[in-house]
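A short write-up of the structure that comes next.
The values are calculated or read from the model by the stated rules, or taken from the named source; none is laboratory data. What you see is a predicted model, and the numbers here were worked out from it, not measured in a lab. Here the Cβ is made from the backbone with ideal geometry for all residues, glycine too, and neighbour counts use every protein chain on show. Ligands, DNA and RNA are excluded from the accessible area calculation, which covers all protein heavy atoms including side chains. Shrake-Rupley method; radii C 1.70, N 1.55, O 1.52, S 1.80 Å.
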Amino acid sequence: MNARRERRASVAIDARPIWRMRLAQELPRRLLHAAAAVGLIACARFALAPPRPLVIATHDPSGSRDLAAEGFASLFAKAYLSWQEGDPEARRRALEPFAGSSLTPEAGSQPPRGSQQVLFEQVIGEREVERGLHVYSIAADTGAEGLVYLSVPVLRRPDGGLEIAGYPAFVGAPAAAPAEAITTAGREVEDPALRAVVVRALRNYLASASEELAADLAPGAEVSPPQRKLSLEALQSLTWAPGRENAVVALVVAVGEGGAGGARYTLAYEVGVLKAAGRWELSAIETGPRA
């Protein structure tokens, strides 16, 4: 016979620190509270000091014009190309604000005998050598010599000041091509009513007859008649503006005061047109007073 053994239940006692038991029970709740606190702090920080977008400084060569630098170059060109025989000090004084330490008092020039005055100067070109350094091409009317083209380097310093960055250079005229009659390239306007309205409106426009002109203007249209009064002599052509159905180009002959003996001009006007209630009206003539 096999001896039958009885199995008895046993209890094992494992002693653990009570702080460890409490920590195991409270740990999930504590972590949840900590996460909530971090979220509240982050929300408060963003509310009080929101993050600023990252701005990367870049140089755009096609940015806005530096009108001050253009004017600075024009003033230098005017002083450089003007002189008066018997008063050389006047030219030195005119060039003194531009000379600085990089140029001689007269900017390296010794004008010939006689006198020369710049009647008109205009910036006609600009190229950027590097950031802050531009070279301006200036056309100057010097009277007897006609148009003179001068290249002037201008530096915009880090402190915002302007200075002539070197000696100027005489250059040639900008590239040009013969004029082409692109304004009359559209198809001819065949509507007699439209032709009549345009002719009548341009006649009143050139004569500065504002009250008569208003009868052919669309509501809200603003036009700016020329200060010099002219008389419309003839309409040479009236064509639709290329690629547009709401504008026409009128090629007209106009004469100044004095009638047939006065000045005569061939002029091209772009006229905005629209049809309302079966009637043609003008929305604009060439350029508006607020353009």
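In the complete set of protein chains, residue-level accessible area for residue 66 is approximately 50 Å², probe 1.4 angstrom. When the alpha carbon gyration tensor of the stretch 125-275 is reduced to an equivalent ellipsoid, its three semi-axes come out at 43, 20, 17 angstrom, largest first.
Which value in Å does the Kirkwood hydrodynamic radius of the stretch 193-284 take, with 1/r averaged over all unlike C-alpha pairs and then inverted? Write down the numbers at each step before the final one.
On the way: mean 1/r = 0.0741 Å⁻¹.
For the stretch 193-284, the Kirkwood estimate is 13.5 Å.
With every protein chain in place, what's the accessible area of residue 75 (1.4 Å probe, Å², nearest 10)? Spelled out: residue 75, probe radius 1.4 Å, area about 100 Å².
Computed FRET efficiency, Cβ-Cβ of residue 142 and residue 188, R0 41 Å: what is it to the nearest 0.05?
Numbers: r = 45 Å, r/R0 = 1.10.
Using R0 = 41 Å, I get an efficiency of 0.35.
The alpha-carbon atoms of the stretch 97-203, seen along their principal axes, cover 70, 40, 25 angstrom, with the largest extent given first.
Carbon and sulfur atoms: what percent of the 1.4 Å accessible area of the stretch 82-143 do they account for? Before the final figure, lay out the partial values.
Numbers: 1810 of 3820 Å².
Heavy-atom surface of the stretch 82-143 belonging to carbon and sulfur, 1.4 Å probe: 47 percent.
Using DSSP to call loops (not H, G, I, E or B), can you name the GluC sites (Glu not before Pro) in the stretch 146-249 whose Cβ has at most 13 other Cβ atoms within 10 angstrom?
Details: sites: 163, 180, 188, 190, 211, 212, 222, 233, 245; in loops: 180, 190, 222, 245.
Of the GluC sites (Glu not before Pro), the ones in loops of the stretch 146-249 whose Cβ has at most 13 other Cβ atoms within 10 Å are 180, 190, 222, 245.
Considering the stretch 103-149 at the alpha-carbon level, its Rg and Dmax are found to be 13.6, 40 Å.
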